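Chemist: For reference, the structure I am asking about is given below.
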Amino acid sequence: MFSSLSRRLALLAVMASLGLVGCLDSSETKIDDQGTSNSQFNWVLPAYVPRPVEPDFNPMTEDKFQLGRHLFYDERLSAGGNISCASCHHQDKAFADGRVVPIGTHGESHRRNAQALVNPAWFATLNWGNPVTDTLERQIEGPLFGDDPHEHGINDTNREAILADLLADPTYTALFSAAFPNESAEWNYNHIIFALASFTRGMVSYSSPYDTYLAENNIQAISVSARRGMDLFNSERLECFHCHGGYNFSNSVMDRSRNFPERNFHNTGLYNLAGSGNYPVGNTGIHDLTGDIRHMGQFRTPTLRNIALTAPYSHDGSHATLKEIIATYAAGGRHITSGVYVGDGRLNPNKDGFIAGFSLNAQEEKDLIAFLCSLTDEAFTTNPRLSNPWPDENGNPRPAPINPGVPKQCLQ
Ligand code: HEC
Ligand code: HEC
């Protein structure tokens, strides 16, 4: 029923060559027609955050969320019985994994850094740079069935056996029946995808010290240094807010207050291979799909919420720390004379106009990092609703998640 990801990508390449995917503004995301007050899910959001879109084909319910939570933490849902979503998405790291790039069920490295899962329901497109994955349901086909690289490694030869193995567990019989009460008990991968999408859609992080400041108009909630950093972040000198704007710090946004998604992708000047303006093959941003040279190096603006927890940074994990990535922005692109990332991205012809460079003194750099650190949400990284629901090896309930504490790069 699901075509493999590589087949889809090949199709897209053909469509791109025919000019069929040139327009990135159209959307298949639909706003459900139930009205905001009828959602069956208990969204707990600050007043300044509109409800996210629940697709009409998969409205949110608590039961689907709970089924998705069990699947998210279940290694049986992979070819080798060795990988779950949580293998690459760790709660204590805001669901990033701390590696440069992650490794899938057969030991293959991914080309891109494992993304944090922070408010994914509010992005107009999912993934680092992909205009096509515009719903979580569509995104999740990638890790389950993709073969370039294999993540969970589910394919035509093992899909039935993996499904039968899961359904033999009575815990799932109960969870599937509760999640899909009006359907006959013939559960399939559509149900699995709908549940996983519901769980990830419910990953909500709006409880950082910065949110306390916004919600209560309590400026004391963040330090004096962080306040100075916030002013720098929002200044025309640094330009950060033009792309990392709004309540989710991203200009890729869809919510119920708008009729159309706002999709944006930018080249931030990380590469300029041999002076050609190219990014490394296989990591060229939305150009990978569209084949349009103007899209070279263009990626989605990631949220900066919980950013202090999600190192290393960028689509390929090529910045180790916040200090490093700030240095790249200050230079107006990455200029390195030796090593893996050698090259002068400052001169990339597709670089966005806002990546113009600036200079920061030592105190200002500290202030900017203090502001980014004020976006860490400890209630999110310790939220028991988002944690592993399965008993431990001895059959005992797991303890509540432990607070990872202040990230090292915030102790300055
Ligand atoms: C092998 C590691 C790995 C596994 C396993 C994995 N992911 Fe991911 N995840 C990634 C990487 C890498 C990306 C970025 C992919 C890209 O942009 O090409 C990502 C991106 C995502 C995103 C997009 C987030 C955003 O902000 O756009 C979501 C949602 C997601 N994963 C959910 C899941 C779910 C659900 C599962 C289990 C079915 C899963 N992932 C399994 C590595 C993994
Ligand atoms: C032109 C739009 C734009 C501007 C301006 C901009 N960013 Fe970004 N930012 C992006 C995009 C796009 C990425 C992802 C790029 C990539 O991975 O190749 C990114 C990535 C990042 C990341 C890494 C995120 C992660 O999850 O790995 C951080 C941190 C960051 N930006 C901070 C800043 C700061 C601080 C400023 C201001 C000095 C700034 N950005 C200005 C668009 C922008």
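The values are calculated or read from the model by the stated rules, or taken from the named source; none is laboratory data. Remember, it's a predicted structure, so these values are computed and weren't measured experimentally. Because the Cβ atoms are built from the backbone with ideal geometry, glycine has one as well, and the counts that use them run over all protein chains shown.
Chemist: Could you tell me how many of the residues in segment 296-325 are more than 6 Å from ligand 2 (Cβ to nearest atom), β-branched (Val, Ile, Thr) and surrounded by fewer than 22 Cβ atoms within 10 Å (Cβ to Cβ)?
Modeler: 1
Chemist: Could you tell me how many of the residues in segment 189-210 are outside any loop (DSSP other than H, G, I, E, B) and polar (S, T, N, Q)?
Modeler: Qualifying residue count for the region: 3.
Chemist: For segment 300-325, what are the residues that are away from ligand 1 (no atom under 15 Å from the Cβ), in a helix (DSSP H, G or I) and touching a residue at least 60 places away in the same chain (Cβ under 8 Å)?
Modeler: Of everything in segment 300-325, those that are away from ligand 1 (no atom under 15 Å from the Cβ), in a helix (DSSP H, G or I) and touching a residue at least 60 places away in the same chain (Cβ under 8 Å) turn out to be ALA308, LEU322, LYS323.
Chemist: Continuing with this model, one more query. Would you check if GLU393 is more than 26 Å from ASN42 (Cβ to Cβ), of a type in the set (Asp, Glu) and in the same structural domain as ALA308 (by TED's automatic domain parsing)?
Modeler: It is false that GLU393 is more than 26 Å from ASN42 (Cβ to Cβ), of a type in the set (Asp, Glu) and in the same structural domain as ALA308 (by TED's automatic domain parsing).
Chemist: Please go through (1) closer than 30 Å to PHE199 by Cα; (2) touching a strand residue (DSSP E or B) at 6+ places or on another chain (Cβ under 8 Å) for ASN350 and return the number of the only condition it doesn't satisfy.
Modeler: ASN350 satisfies every listed condition except (1).
Chemist: Could you please find all residues in segment 331-344 being touching a residue at least 12 places away in the same chain (Cβ under 8 Å) and surrounded by fewer than 16 Cβ atoms within 10 Å (Cβ to Cβ)? Walk me through it before giving the result.
Modeler: Let us first name the residues in segment 331-344 that are touching a residue at least 12 places away in the same chain (Cβ under 8 Å), namely 331-334, 340-341, 343-344.
Scanning segment 331-344 gives a single hit, VAL340.
Chemist: Please give the number of the condition ARG258 fails out of (1) more than 13 Å from ligand 2 (Cβ to nearest atom); (2) under 19 Å from the mean Cα position of the chain (by Cα); (3) closer than 17 Å to TRP122 by Cα; (4) not small (Gly, Ala, Ser).
Modeler: Going through (1) more than 13 Å from ligand 2 (Cβ to nearest atom); (2) under 19 Å from the mean Cα position of the chain (by Cα); (3) closer than 17 Å to TRP122 by Cα; (4) not small (Gly, Ala, Ser) one by one, ARG258 breaks only (2).
Chemist: Considering only segment 209-232, how many residues are among the polar types (S, T, N, Q) and in contact with a Lys or Arg (Cβ under 7 Å, 6 or more places away or on another chain)? Show your work before the answer.
Modeler: Start the filter on segment 209-232 by keeping residues that are among the polar types (S, T, N, Q), which leaves 212, 217-218, 220, 223, 225.
When the remaining residues are screened for being in contact with a Lys or Arg (Cβ under 7 Å, 6 or more places away or on another chain), the result is 225.
Of the residues in segment 209-232, 1 are among the polar types (S, T, N, Q) and in contact with a Lys or Arg (Cβ under 7 Å, 6 or more places away or on another chain).
Chemist: Just to be sure before I move on: is GLU236 surrounded by fewer than 18 Cβ atoms within 10 Å (Cβ to Cβ) and within 16 Å of ligand 2 (Cβ to nearest atom) in the structure I sent? First the steps, then the outcome.
Modeler: Numbers: surrounded by fewer than 18 Cβ atoms within 10 Å (Cβ to Cβ): yes; within 16 Å of ligand 2 (Cβ to nearest atom): yes.
For GLU236, the condition - surrounded by fewer than 18 Cβ atoms within 10 Å (Cβ to Cβ) and within 16 Å of ligand 2 (Cβ to nearest atom) - is met.
Chemist: Looking at segment 103-123 only, could you name the residues that are assigned to a loop (DSSP other than H, G, I, E, B), under 10 Å from MET203 (Cα atoms) and more than 6 Å from ligand 1 (Cβ to nearest atom)?
Modeler: Scanning segment 103-123 gives VAL118, ASN119.
Chemist: Related question: If you go through segment 345-354 one residue at a time, do you hit one that is closer than 25 Å to SER208 by Cβ and surrounded by fewer than 17 Cβ atoms within 10 Å (Cβ to Cβ)?
Modeler: So the first thing to find is which residues in segment 345-354 are closer than 25 Å to SER208 by Cβ, and the list is 354.
Now narrow it down to the ones that are surrounded by fewer than 17 Cβ atoms within 10 Å (Cβ to Cβ): 354.
Yes, segment 345-354 contains at least one residue that is closer than 25 Å to SER208 by Cβ and surrounded by fewer than 17 Cβ atoms within 10 Å (Cβ to Cβ).
Chemist: Tell me, which residue of segment 211-252 that is of a type in the set (A, V, I, L, M) and part of a helix (DSSP H, G or I) is farthest from ligand 1 (Cβ to nearest atom)?
Modeler: VAL224
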